[in-house]
Amino acid sequence: MTRKEIQAQIIQAVEAVKRTNPMAGSITNMVTINFVANAQLAVGGSAAMVYLPEEGEILAKAGGATYINVGTLLPIHEEALPHTAKVLHEAKKPWVLDPVAVGIGSLRTRVLKQFKAYKPSVIRANASEILALAGLWELEGGTETSRVRGVDSTDSVNAARSAAIALARWTGGAVAVSGETDLVTDGHVVAYSYGGSHLMGKITGAGCSLGGVIAVYATVASPFIAALTGTAVYNLAGARAEKKTSSPGSFQVQFLDELYQATAEDIANNPFELEIA
């Protein structure tokens, strides 16, 4: 795809979401559930938050896409998350995985191992999580031991490039690696998206809510375009919000406002570079 083709598809995705208000349900962590829902609403989507196995299956069948985040796990999630992912895979519905803190704890490891067979449409994570997930799934570029520190990354985005490409090729979807400069790949093309704000690291839920927003765009676009559109609007909104405030609390509010106000053309024109994988 050329830059102009990608930009045209981003515009189509943003306009389709604002026009149709698609539902992207979530099974996400309790720390950020409110922010995830508000971000999905801000870009034009509709949110639905569940955690029970039966509700996950209903959501998977009814929604346009689903977001699964393993941030705060409860025993019931050992059944709910893989079951929902299986239903999504069998129904050929798009879904986004955020493997928060992959490698920490046996329950998280068991759940994330099962996801390999269900091939998420988009994986959204920081660099250390991408490296650890590729290692867990025994893919090229992965690491055998996790260097994840809670929700923080101890690796650079470029260090996770090969792992991200391998994950995207395995799933047939896309991978978005969040960092100072974000990387998005479908296993064949690599896009580097610029912008954002250092204040995004001072609020809880910037990465988690990005996963939810990518799921909204996945209801109307390919995994790569959904991942790049979500990343672009976050970088745009973050940069704009930082110009209006210098404190985390007001930044979070301003950030949601900027997500809401961003036009399709603005998002498509947010700076990015392309490389062949």
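No lab work stands behind these numbers, since they all come straight from the coordinates. These figures come from a predicted structure and were not determined experimentally. Positions of Cβ are generated from backbone atoms using ideal geometry, with glycine treated the same way; all protein chains shown enter the neighbour counts.
Subtract the Cα-Cα distance of Leu107 and Met1 from 0.36 nm times their separation in residues, and report this length gain in nm to one decimal. Numbers along the way, then the final one.
Values: separation 106, 0.36 × 106 = 38.16 nm, distance 3.98 nm.
Extending this stretch completely gives an extra 34.2 nm.
I need the phi-derived Karplus couplings for region 100-111: 6.51 cos²θ - 1.76 cosθ + 1.60, θ = phi - 60°, integer Hz, Gly and Pro marked x.
3, 6, 3, x, 9, x, 6, 4, 4, 5, 4, 5
Cα to Cα, under 16 Å, and not fewer than 8 places away if on the same chain: which aspartates and glutamates meet these conditions relative to Lys92?
List returned: Glu57.
Positive end of the dipole of the chain, charges at C-beta (+1 Lys, Arg; -1 Asp, Glu), about the Cα centre: which of Gln252, Ser106, Ala221 has its Cα farthest in that direction?
Value computed over the given set: Ala221.
With labels modelled as points extended 7 Å from the Cα through the Cβ direction, what inter-label distance (nm, one decimal) is found for Thr72 paired with Glu15?
That separation, rounded to one decimal, is 4.0 nm.
Whole-Hz Karplus ³J(HN,Hα) for region 8-24, in order, using 6.51 cos²θ - 1.76 cosθ + 1.60 and θ = phi - 60°, x for Gly and Pro?
Coupling constants for region 8-24: 5, 6, 5, 4, 4, 5, 5, 5, 5, 5, 5, 7, 9, 6, x, 8, 10 Hz.
Normalising by the residue count of region 3-276, find the relative contact order in percent from Cα pairs under 8 Å and 6+ residues apart. Could you put the intermediate results ahead of the total?
Working: 624 pairs, mean separation 57.2, N = 274.
So the answer I get is 21 percent.
For region 27-126, which GluC sites (Glu not before Pro) pass both filters: DSSP loop (anything but H, G, I, E, B) and at most 10 other C-beta atoms within 10 Å? Could you put the intermediate results ahead of the total?
On the way: sites: Glu54, Glu55, Glu57, Glu78, Glu79, Glu90; in loops: none.
In loop regions of region 27-126 (DSSP not H, G, I, E or B), there are no sparsely surrounded GluC sites (Glu not before Pro).
For region 86-206, what's the radius of gyration and Dmax over Cα atoms, in angstrom?
13.6, 40
Given a cut-off of 22 Å, name the pairs among Lys18/Lys202; Lys61/Lys86; Lys119/Lys202 whose C-alpha atoms lie farther apart than that in the structure shown.
Values: Lys18/Lys202 29 Å; Lys61/Lys86 11 Å; Lys119/Lys202 32 Å.
Flagged as over cut-off: Lys18/Lys202; Lys119/Lys202.
Using amide H atoms built in the peptide plane, which far-off residues or other-chain residues are under 5 Å from Tyr67 H to H?
Counting only residues 5 or more places away or on other chains, the set is Gly25, Ser26, Ile27, Val96.
Taking every pair of alpha-carbon atoms in region 3-276, give the share separated by more than 26 Å as a whole percent. Show your work: numbers first, answer last.
On the way: 12230 of 37401 pairs.
That fraction is 33 percent.
Tell me which of Asn269, Ala85, Val14 sits at the most positive position along the dipole axis of the chain, charges placed on C-beta atoms (Lys, Arg +1; Asp, Glu -1).
Farthest towards the positive pole: Ala85.
Treating only the Cβ of Lys, Arg, Asp and Glu as charged (+1, +1, -1, -1), what charge dipole size does region 102-244 show about its Cα centre? Round to the nearest 20 debye. Display every interim value, and only then the final one.
On the way: 14 positive and 10 negative charges, 68 e Å.
Computed charge dipole of region 102-244: roughly 320 debye.
Please list 3J(HN,Hα) in residue order for region 269-274, calculated via the Karplus relation 6.51 cos²θ - 1.76 cosθ + 1.60 where θ = phi - 60°; whole Hz, with x for glycine and proline.
8, 4, x, 8, 10, 10
Cβ under 13 Å from Val36's Cβ, Val36 left aside: what net charge do those residues give with Lys, Arg +1 and Asp, Glu -1? Write out the running numbers ahead of the final one.
On the way: positive: Arg124; negative: Asp98.
So the environment of Val36 carries a net charge of 0.
Given +1 on the Cβ of Lys and Arg, -1 on the Cβ of Asp and Glu, and no further charges, what dipole in debye does region 3-276 carry about its Cα centre, rounded to the nearest 20? Working shown, then result.
Numbers: 22 positive and 25 negative charges, 33 e Å.
Approximately 160 debye in magnitude.
Can you pull the one-decimal nm distance between simple spin-label points at Ala8 and Ile203, each 7 Å off the Cα toward Cβ?
3.5 nm
Would you grab the residues whose amide H sits under 5 Å from the one on Asn126? Only those 5+ places off in sequence or on another chain, please, with H modelled 1.01 Å from N.
Those qualifying (amide H under 5 Å, at least 5 residues apart or on another chain) are Ser178.
How high is the relative contact order of region 62-180? Use alpha-carbon pairs under 8 Å, at least six apart in sequence, and give a whole percent.
Details: 220 pairs, mean separation 28.2, N = 119.
After rounding, I find 24 percent.
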